[in-house]
Amino acid sequence: MPTLLDPPITRPRLQTRPRPLPALELPAVSFFGRTLDEYARFFALDVAALRGLSVLDVAAGPSSFTAEACRRGIDAVAVDPQYSKSGYALSEQITRDYDAMFAQIRAKRRLFKLKSFSSLEAAEEDRRTAAQRFVSDFETHAVHGRYVAAALPRLPFFDGTFDLVLCAHLLFIYAQQFDFEWHLAACRELARVSTAEVRIHPIVGADGRLYPELERLRRELLARGVTSRVQRTDYEFFAGSTSTLILNPQQDA
């Protein structure tokens, strides 16, 4: 029988793994957008320095970046396969996709951070404001070539058409829908139409985890004359979305 002088019995502590984050359910690419201010934060853009430059926003959805950028003297163009539709049809799609996306955001709160917004309601209002600006600008300027209906991995532009190419919330987030070869082809196409730089954000999947083939992708791109680096950004809304992939095509490659 143990006495008070005996050393205490220690029981082994059970090791517990952190609960995995839930994943967004993304059976199809959502028609979802953001403002220029949010673009500037997660892409780490100096908006004033872009004045007079040509910028392409790929898979832009109903983002207001292009509308706001053009007002600031930036020669911005947006690309999305949904732009073949009318403004009215896009408005209906925005209603459906936004309602579905924000229902998921509220249900899977652990996947989202509120570092840049005071509340989920404020984040929702910001994104819906972006969509309203987009629809208004689309109805006025689609006929002027500001909005182009096209999809990766093939873009209807000449080599080196744009000074800067942006692509948000398509690559990597939809890794379950698009395989590695598609991602490689998409990155090469983004690099082809840029004279200097491509920025892709974020570099995580729908579960907030780093794209597992990222290093392989970077090696394959380097072998084809496209250098790359990962840049941290002082922004996080979707869990894990704290970095941007930057591609630099070598024009003499």
note = The orientation-averaged projected area of the Cα convex hull of segment 46-91, in nm², is 3.3 nm²
ask   = Where is the GNM fluctuation largest for the chain (alpha-carbon springs, 10 angstrom cutoff): Thr129, Thr227, Thr140?
value = Thr140
query = Local charge sum around Arg146 (other residues, Cβ-Cβ under 15 Å, Lys/Arg +1, Asp/Glu -1)?
reply = -3
query = Which net charge results for the neighbourhood of Gly52, defined as the other residues with beta-carbon distances under 15 angstrom from its beta-carbon, given Lys and Arg at +1 and Asp and Glu at -1?
reply = 0
note = Semi-axes of segment 183-253 from the Cα gyration tensor (sqrt of 5 times each eigenvalue, largest first, whole Å) come to 22, 13, 9
task = Among Val29, Val55, rank each residue by its count of other Cβ atoms within 10 Å, from fewest to most, as a rough exposure measure.
result = Val29, Val55
task = Sort His141, His201, His169 so the one with the fewest other Cβ atoms within 10 Å of its own Cβ comes first.
result = His141, His169, His201
note = GNM of the chain, Cα pairs under 10 angstrom: of Ala191, Ala150, Ala168, the biggest fluctuation goes to Ala150
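If R₀ is 30 angstrom, what is the calculated FRET efficiency for the pair Glu25 and Arg232, using the beta carbon separation as r and rounding to 0.05?
Rounded to the nearest 0.05, the efficiency is 0.60.
Can you give the extra length, in nm with one decimal, that the chain gains between Trp182 and Gln104 once fully stretched, where that is 0.36 nm per residue apart less the Cα-Cα distance?
So the extension gain works out to 25.4 nm.
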note = Expressed in angstrom and ordered largest first, the alpha-carbon extents of segment 98-253 along the principal axes are 48, 40, 28
task = Could you list Ser243, Ser136 in order of exposure, starting from the residue whose Cβ has the fewest other Cβ atoms within 10 Å?
result = Ser136, Ser243
ask   = In cubic angstrom, how much convex hull volume per residue do the alpha carbon atoms of segment 50-183 span?
value = 134 Å³
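The numbers here are math on the coordinates, done by the rules we state, and not lab data. As the structure is a prediction and not an experimental result, all values here were calculated from the model. Reconstructed Cβ throughout: ideal geometry from the backbone, glycine too, with neighbour counts over all protein chains shown.
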